[in-house]
């Protein structure tokens with residue numbers, strides 16, 4: 001038996017996720033993401049937009065994983081498997097995957113997002129994209145089979161990846177929550193997770209971003225009800241209504257649109273990343289938001305549409321825009337700064353259906369944006385949001401289902417790693433023997 005886990009990115013940090021799983025002389029790479037704060041710092045782009053840059057420059061800026069950590073494994077790589085379509089898990093594939101002669105294996109929605117990124121930025125991806133439906137398996141080699149187990153998250157078709165080997169399974173649970181009443185798609189595949197546990201899991205690598213938070217992550221239905229209160233129960237007659245959220249959060253966008261329709265407002269989507277994810281959802285036949293309202297992607301289209309909105313009356317529209325983190329090049333920032341032709345008026349409603357990603361650059365950008373909006377007399381509504389990341393009880397439940405011999409935290413900083421290990425100890429694991437902390441560049445071997 002010879003399984004080795006190499007932590008390449010996402011360990012003791014949030015983002016830049018990448019883990020290499022070596023089975024004897026074959027390797028599967030799971031996730032290949034960007035570090036969003038570092039990426040935004042060098043591009044000032046929307047947080048869900050990828051632009052064409054050199055891989056070496058991105059590695060130097062610590063915006064993508066340092067693949068030099070696994071240079072000895074380069075010829076052994078048999079597949080690159082992103083867990084879902086968020087850029088901190090998939091965004092480095094256009095830059096780095098071509099270094100390996102291996103296919104990219106992912107769900108239809110993730111594949112559609114990848115193709116859109118490469119098309120937009122004229123990046124030629126040499127790797128074949130093999131589309132695998134959720135809750136399906138693919139044989140990578142005689143020794144390795146990869147299974148994508150459906151789980152709920154804040155973007156469609158998120159998966160827990162199981163790497164089946166002759167020695168047992170390696171399970172990688174990146175971004176997940178255990179939502180039993182999702183507003184889009186099905187519940188987590190508990191039967192598959194339980195089956196994995198009965199068959200034997202050597203190690204489970206688990207997202208622990210909120211391991212220190214007691215309780216269970218609220219359902220997306222809760223966010224929908226909060227949006228209902230903000231959009232339907234607040235008097236917005238005669239006023240502009242502008243909403244912003246994560247462009248990849250198709251379920252949230254559907255909820256926002258549904259309430260806009262109840263208000264008899266015409267829906268308009270403004271921004272590059274919104275266009276990308278809306279098109280990907282349509283291509284994967286998950287949702288057809290493009291039928292619900294006009295999608296404006298480029299600056300000229302956005303300016304033209306906003307002029308029309310001003311002429312006809314903003315109170316007749318629901319504007320869904322990019323820029324929830326205050327990114328300077330995103331639509332909402334350009335509207336507030338006057339780059340785009342939109343005149344905010346007293347009591348216009350601006351809804352942030354999102355959290356602020358807790359990094360200094362994001363906090364600074366959001367503060368600048370909110371100050372500018374408040375100076376124009378707008379009413380700002382925050383808090384109509386629930387996370388896509390599981391809390392302590394979600395993690396506990398997952399561990400009970402999988403019954404792994406070993407556990408490892410990922411996609412979190414050191415305090416959350418400690419909280420995860422504490423939970424593991426309470427569940428019978430031993431720190432250093434069956435509950436392990438890894439830093440980027442470190443390995444864990446099972447022989």
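The values are calculated or read from the model by the stated rules, or taken from the named source; none is laboratory data. On a predicted model such as this, the values are computed, not experimentally measured, just so you know. Every residue, glycine among them, receives a Cβ derived from its backbone with ideal geometry; neighbour counts consider all protein chains shown.
What are the residues in the range 1-18 that are farther than 13 Å from residue 88 by Cα and out of contact with any helix residue (DSSP H, G or I) (no Cβ under 7 Å at 6 or more places or on another chain), if any?
Residues satisfying the conditions are 1, 2, 3, 4, 5, 7.
Pick from 395, 407: which is assigned to a strand (DSSP E or B), in contact with a helix residue (DSSP H, G or I) (Cβ under 9 Å, 6 or more places away or on another chain) and under 30 Å from residue 430 (Cβ atoms)?
Only one candidate qualifies: 407.
Where in the range 261-376 are there helices (runs of 4 or more DSSP H), lying fully within it, with 1 or more residues that are more than 27 Å from residue 154 (Cβ to Cβ)?
Per the criteria, 299-312, 331-337, 360-375.
Restricting attention to strands (runs of 3 or more DSSP E) lying wholly within the range 132-175, give those where 1 or more residues are in contact with a helix residue (DSSP H, G or I) (Cβ under 7 Å, 6 or more places away or on another chain).
The qualifying strands (runs of 3 or more DSSP E) are 145-150, 159-165, 168-173.
Can you tell me which of (1) crowded, with 19+ Cβ neighbours inside 10 Å; (2) touching a residue at least 60 places away in the same chain (Cβ under 8 Å) is the one residue 150 doesn't meet?
Evaluating residue 150 over (1) crowded, with 19+ Cβ neighbours inside 10 Å; (2) touching a residue at least 60 places away in the same chain (Cβ under 8 Å) leaves (2) as the failure.
Any residue at all in the range 95-113 that is touching a residue at least 24 places away in the same chain (Cβ under 8 Å), surrounded by fewer than 21 Cβ atoms within 10 Å (Cβ to Cβ) and under 29 Å from residue 228 (Cβ atoms)?
For the range 95-113, residues touching a residue at least 24 places away in the same chain (Cβ under 8 Å), surrounded by fewer than 21 Cβ atoms within 10 Å (Cβ to Cβ) and under 29 Å from residue 228 (Cβ atoms): absent.
Would you tally the residues in the range 72-89 being at pLDDT 95 or above and assigned to a helix (DSSP H, G or I)?
6
Just to be sure before I move on: is residue 159 buried (at least 16 other Cβ atoms within 10 Å of the Cβ) and assigned by TED's automatic domain parsing to the domain that holds residue 89 in the structure I sent?
Answer is yes for this residue.
Just give me the residues in the range 332-361 being surrounded by fewer than 19 Cβ atoms within 10 Å (Cβ to Cβ) and touching a strand residue (DSSP E or B) at 6+ places or on another chain (Cβ under 7 Å), in sequence order.
Once the filter is applied, which keeps residues that are surrounded by fewer than 19 Cβ atoms within 10 Å (Cβ to Cβ) and touching a strand residue (DSSP E or B) at 6+ places or on another chain (Cβ under 7 Å), the range 332-361 yields only 347.
If residue 381 passes every condition in (1) more than 22 Å from the chain's Cα centre (by Cα); (2) in contact (Cβ under 8 Å) with a residue 24 or more places away in the chain; (3) over 20 Å from residue 10 (Cα atoms); (4) outside any strand (DSSP E or B) but one, which one does it miss?
Of everything listed in (1) more than 22 Å from the chain's Cα centre (by Cα); (2) in contact (Cβ under 8 Å) with a residue 24 or more places away in the chain; (3) over 20 Å from residue 10 (Cα atoms); (4) outside any strand (DSSP E or B), residue 381 misses just condition (4).
Report yes if residue 299 is touching a helix residue (DSSP H, G or I) at 6+ places or on another chain (Cβ under 9 Å) and surrounded by fewer than 21 Cβ atoms within 10 Å (Cβ to Cβ), otherwise no.
yes
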